[in-house]
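Laboratory data are not the source of any read-out in this text; all were calculated from the coordinates shown. Owing to the predicted nature of the structure, the values given are computational and were not obtained by experimental measurement. So basically every Cβ, Gly included, is an ideal-geometry build from the backbone, and we count neighbours across all protein chains shown.
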Amino acid sequence: MNPEQLRDASMLELFALEADAQAEILNAGLLALEREPAAATHLESCMRAAHSLKGAARIVGLDGGVRVAHVMEDCLVAAQRGGLLLTPSHIDALLQGTDLLQRIGHPPGGALDWPEREGLAEINACVAHLNALLDGTELEPAPARMPAVSAATPEVFPPEVPPAPQATAAADPQERMLRVNADRLDRLLAMAGESMVETHWLRPFGGAMQQARRQQMRALQALEGIQALLASADGTVPRLRAALAEARQLLEDSHGQLSQRVEEIDQYDHRASRLSRRLYDTALSCRMRPLSDGIMGYSRMVRDLGRALGKPVHLALAGEQTQVDRDILEQLDAPLAHLLRNAVDHGIEPPEVRRAAGKPEEGRVSLHARHNAGRLVIEIFDDGAGVDFGALREAIVRRSLAQPETAARMSETELLEFLLLPGFSLRETVSHVSGRGVGLDAVQDMVRAVRGSLRLSQQPGSGLHFHLELPLTLSVVRTLLVEVAGEAYAFPLGHVMRAVAVRRDEIEQVEQHQHFRHDGRPVGLVSAAQLLQRPETATPDADTVPVVIIGEQDRVYGIAVDRLLGERMLVVQPLAQALGKIKDIAAGSLTDDGTPVLIFDVEDMLRSVEKLVSDGRIERVRQAGAGTADVRRKRVLVVDDSLTVRELERKLLAGRGYDVAVAVDGMDGWNVLRAEPFDLVITDVDMPRMDGIELVTRIREEPRLRQLPVMIVSYKDREQDRERGLQAGADYYLAKGSFHDTALLDAVLDLIGEARA
């Protein structure tokens, strides 16, 4: 094989791995859809899998794979939007398409050109069959559907092969190569990590010997004092003085030997620590690969995509040789491709627009990578126009994610967060590149899965900037060890902002939430014992509370623990698969003395904290002088499928002292009402699973809840809508079109009075 063929074979191998993984998702999802054709969860997972395969095939240059995955995605999108009812014929065809994508990844005989030669007829037949089913020409009767999305793919232009970079010493052609099984390498790295942690056992042992030496010195000094007293005393017995002298000499000899052994152990400790560190670094380097191995196809992808969109675009790379753990590099592939396609499609303007703005016709997308403080930092940005915040606000309001007044008050940082929501897109029309709302949420899911973080920002006059921060490896992690309810837990240091001791008299109570001030800003306080559902064991008489501050930007919370135990380097040990995903826990480990430790999943913990806050279920961290019973506050249940509306109403009511819980739809609200007592229900009308009218009807039919006041807050402000709500049994109907803070609070006061009972 020539170098070009070798590169193609390497890229095909990556696509084959992707095809196998996504085929499992498609097979399981399609079989489930055969039983439940409209199941939203399975439609979403299958559409994502097809979309990922389409992107992967485009990167590798498999036009046949792009065509098959694209028409499969069109079918799933049409079904998701209600324009197509999946029948067994559709499922058969989609399963055949899945099998064909796997064959493209694993071509018969390993022939790289199979999709363009022997397999071309099969690909054409599959695409034509799926298109016919999508258009309804093979169905009786043809189902109503949305307009079909064109399955045409952009022309693939021949790549411009860049000049090969100069070989470095690490890439010496004379260097001997050896293929090693990945599992064997993983075991080697695990043993190297355990060896590195095991050497830390010597440090406390050496410290204990130093303490013994100091005790011997004090004993020797005491003997010298006794000997001095005996020498000055009258009538001293000579034999006693001789015995003391002999004991003193023995103690001196023992002290000398102990000092020598301590010095030798100390030297061994330093040598063993250095050697184990070198062993671990060497083993880890076997897993590390340059970032260029994973992004070799991106320049071609950005160029071809720009050509297809009529935009000359150049990808500028920096830090291609930055070393990345193999597992993280594999998981980065699809997310980085999403971000680059997003930059080309959404960020870079057409040439005529760039000329009018005084910019070069050729757009520039940049991907920079570097190491920083033991973490991998990747930045992707472009020189385009960036996000139109006016259009973004309109899209948020149009999708009922926020009221116009609320959207108008949001900062740019808050607005950018909406781009990470599933299904959110600024494009109204669907193309082969964008408009489906798949991409940025998948990027965030991947980053969170590897205990990383993703930030979006934009400076005036520039394009959107993505900042990804990821761990260098998933096998060993630096942590902050803490004690909660007598057990050890660990926070990954990459997620810890600060560890502080907060004075109990500095803990402030704002409604039902506790805060303390750090760096001039209020930080919410939550007990780790409550998150872990463990009993509180901290001594309430202590003057301070140990607190670990986690989060970033506006998502910052303090987690109160029992004790801070210091920093530790831990070998990450995955939990048994039989346990499933444990809430707030990422993995396990052992300390130097063999104590088991659970490592926190900080992103999951932040979501748990926000859930407790939104439900108003935060338990107090006991303050100095605490202990008096609280006056009961009236409880309000807010039921709305819009996160923004829920939060707005919750904050308004909580600010007036009400105890507020939330539910995401009518069914969720009904379940909460049957389990907990409330003084008032505020509900929307249009919600999934159970709407507000049905919820009000059920409340009035339930004897225990029949007298419970209910308020409807809805976008529907016609008189007949109001009458429908009141006839169902609502006590108050407030239109969101005329919604403002005072109107809601006045209505609540009319129905149940002030917050304090």
Is segment 293-471 rounded, prolate or oblate when judged by the Cα gyration tensor, a ≥ b ≥ c being the square roots of its eigenvalues, rounded requiring a/c under 1.5 and prolate requiring a/b larger than b/c? oblate
What spacing in nm lies between the two simple spin-label points modelled at GLN215 and ARG700, each 7 Å away from Cα in the Cβ direction? 8.1
Mind listing the phi-derived Karplus ³J(HN,Hα) values for segment 40-55, rounded to whole Hz, using 6.51, -1.76 and 1.60 with θ = phi - 60°, and x for any glycine or proline? 5, 5, 6, 4, 5, 5, 5, 5, 4, 5, 5, 5, 5, 5, 4, x
Length gained, GLN727-VAL450, 0.36 nm per residue minus C-alpha separation, equals 94.6 nm
Of the cross-linked pairs LYS54/LYS311; LYS311/LYS359; LYS611/LYS651; LYS634/LYS716; LYS583/LYS611; LYS54/LYS359, which ones have a Cα-Cα span greater than 23 Å in the structure shown? LYS634/LYS716; LYS54/LYS359
Students often check this: by mean Cβ neighbours within 10 Å, which of 460-471, 265-276 ranks highest, and how do the rest follow? 460-471, 265-276
Got a sec to turn the phi values of segment 693-702 into Karplus ³J(HN,Hα) couplings, 6.51 cos²θ - 1.76 cosθ + 1.60 with θ = phi - 60°, whole Hz, x for Gly and Pro? 5, 5, 4, 5, 4, 5, 4, 6, 7, 8
Point-to-point label distance, ASP686-HIS255, nm (Cα→Cβ direction, 7 Å offset): 8.8
What does the C-alpha gyration tensor say about the overall shape of segment 635-752? Classify as rounded when a/c is under 1.5, otherwise prolate if a/b is larger than b/c, or oblate. rounded
Under 19 Å from a point 7 Å along the Cα-to-Cβ line of GLU362: which residues of segment 283-322 have their amide N that close? 297-319
So what's the projected area for segment 38-93, the Cα convex hull averaged over all directions, in nm²? 3.6
Enter the mean projected area of the convex hull around the alpha-carbon atoms of segment 1-117, in nm², rounded to one decimal. 6.8
Rounded if a/c under 1.5, otherwise prolate or oblate - segment 353-426, Cα gyration tensor axes: oblate
For ARG398 and ASP20, compute 0.36 nm times the residue count separating them, minus their Cα-Cα distance, and round to one decimal in nm. 132.3 nm
What is the magnitude of the charge dipole of segment 476-615 about its Cα centre, with +1 placed on the Cβ of each Lys and Arg, -1 on the Cβ of each Asp and Glu, and no other charges, expressed in debye to the nearest 20? 280
Efficiency by 1/(1 + (r/R0)^6): what FRET value for SER457 and ARG289, r their Cβ-Cβ distance, R0 = 25 Å, to the nearest 0.05? 0.30
At R0 = 25 Å, how high is the FRET efficiency between ASP327 and MET296 if r is their beta carbon distance? Nearest 0.05 is fine. 0.85
Among THR406, ASN342, ALA391, whose Cα sits farthest toward the positive end of the charge dipole of segment 293-471 (+1 at Cβ of Lys/Arg, -1 at Cβ of Asp/Glu, about the Cα centre)? ALA391
If R0 = 56 Å, then ASP543 and GLN707, at their Cβ-Cβ distance, give a FRET efficiency to the nearest 0.05 of 0.70
How far apart, in nm, are the 7 Å Cα→Cβ label points at GLU754 and ARG375? 4.7
Non-local amide H neighbours of MET690 (under 5 Å, H modeled in plane, Pro and chain starts lacking H): which ones? GLY666, MET667
Solution diffusion estimate, µm²/s, Stokes-Einstein, segment 476-615, Kirkwood Rh from C-alpha pairs, 10 °C, viscosity 1.306 mPa s: 102
